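Structure first, commentary second.
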Amino acid sequence: MMYVHDIWVNWFEGEENGYNVCHFHEWRKNDSIELLDQVPVVYVTKELFNYIENDMSDLPKPLLEAVYKRAYLKKQHKRISLEYAFVATDGHQVMVIDTLGYDIPVRKSRVIPRQERLVLDLITHKRPLDFSYKPRKGQKDYHILSLQPEYMMGLTRKERQLKHLLMLMLDQLKQSKRIDELRYWLTEWRPEMYQEIQQMTFEEGFELLVGEACDGWSLQHEEMCEKMAKGQPFFERLWEMEQQKKNVLKR
């Protein structure tokens, strides 16, 4: 078993999409960053790495057995054993996993560049281990609250968070089925289509609004998100929190 030591981790919990597990350059000062004293390294196939990174399904039993209580967290000069924690790599990417005692990858973290290179150097000239597992049947089910990766590609952490907030509010709008409210927001988005919007059914209007809101991120998206959050305490607070957060430049 290969090991790495003194690994900084920034846990993202319950994330089924790898694009929400932020790389080091997007870590923030108010993130909960921990130091792992020792972590086993598992070299896996590209397919298994993708399964771990972009899913919340059961991990292979042999993998869990291989790393059982081999990782330690360093906290206040104490070494705390972690039941199932390990570094996974496919030879190109690196991710730290902690199952919190379950069989699924509950917590995920990227690593800092120097430690990523260390892991990749460690598995040079080695072959990935072949763990049997049950891959997802068919395509992954993406939806308004779990967008396809191409809709998040190229966005910053702040933009991804605001886009998710916008989708939360659009989903709330969908549940309300209020055609007047939908027409209002659709007109805000596409004022030049006012006449056509008045003739649209709820389903037609919602499909148009979501289809265009999913595409990229712009000042128009940000203004729409701010307007929709206004007057709704929960969403307004999420909007304000995102404006206050800053990224860590170095560690």
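At-a-glance table
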quantity: Residue tally, condition surrounded by 19 or more Cβ atoms within 10 Å (Cβ to Cβ) and touching a residue at least 60 places away in the same chain (Cβ under 8 Å), over region 90-106; calculated: 3
quantity: Sole residue being at pLDDT 95 or above, of a type in the set (S, T, N, Q) and within 17 Å of the chain's Cα centre (by Cα), chosen from Gln115, Gln93; calculated: Gln93
quantity: Residues being in contact (Cβ under 8 Å) with a residue 12 or more places away in the chain and open to solvent by less than 90 Å² (accessible area, probe 1.4 Å) - total across region 133-153; calculated: 10
quantity: Subset of region 132-173 that is aromatic (Phe, Trp, Tyr) and in a loop (DSSP other than H, G, I, E, B) - its residue that is farthest from the chain's Cα centre (by Cα); calculated: Tyr133
quantity: Failed criterion for Gly231 (all others in (1) free of Cβ contacts under 8 Å to residues at least 12 places away in the same chain; (2) within 20 Å of Cys22 (Cα to Cα); (3) assigned to a loop (DSSP other than H, G, I, E, B) hold); calculated: (2)
quantity: Selection within region 154-185 - open to solvent by less than 70 Å² (accessible area, probe 1.4 Å) and hydroxyl-bearing (Ser, Thr, Tyr); calculated: Thr156, Ser176
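One line per residue, one yes/no per condition, for (1) small (Gly, Ala, Ser); (2) closer than 22 Å to Arg117 by Cα; (3) surrounded by 16 or more Cβ atoms within 10 Å (Cβ to Cβ):
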residue	(1), (2), (3)
His5	no, yes, no
Val9	no, yes, yes
Cys22	no, yes, yes
Arg28	no, yes, no
Asp37	no, yes, yes
Val41	no, yes, yes
Tyr72	no, yes, yes
His77	no, no, no
Ala88	yes, yes, yes
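The values are calculated or read from the model by the stated rules, or taken from the named source; none is laboratory data. Only a predicted model underlies this, so the values are computations on that prediction, with no experimental measurement involved. Cβ atoms come from the backbone with ideal geometry, glycine included; neighbour counts cover every protein chain shown. When the accessible area is computed, the model is the full protein with side chains, heavy atoms only, and any ligands, DNA or RNA have been set aside. Shrake-Rupley method; radii C 1.70, N 1.55, O 1.52, S 1.80 Å.
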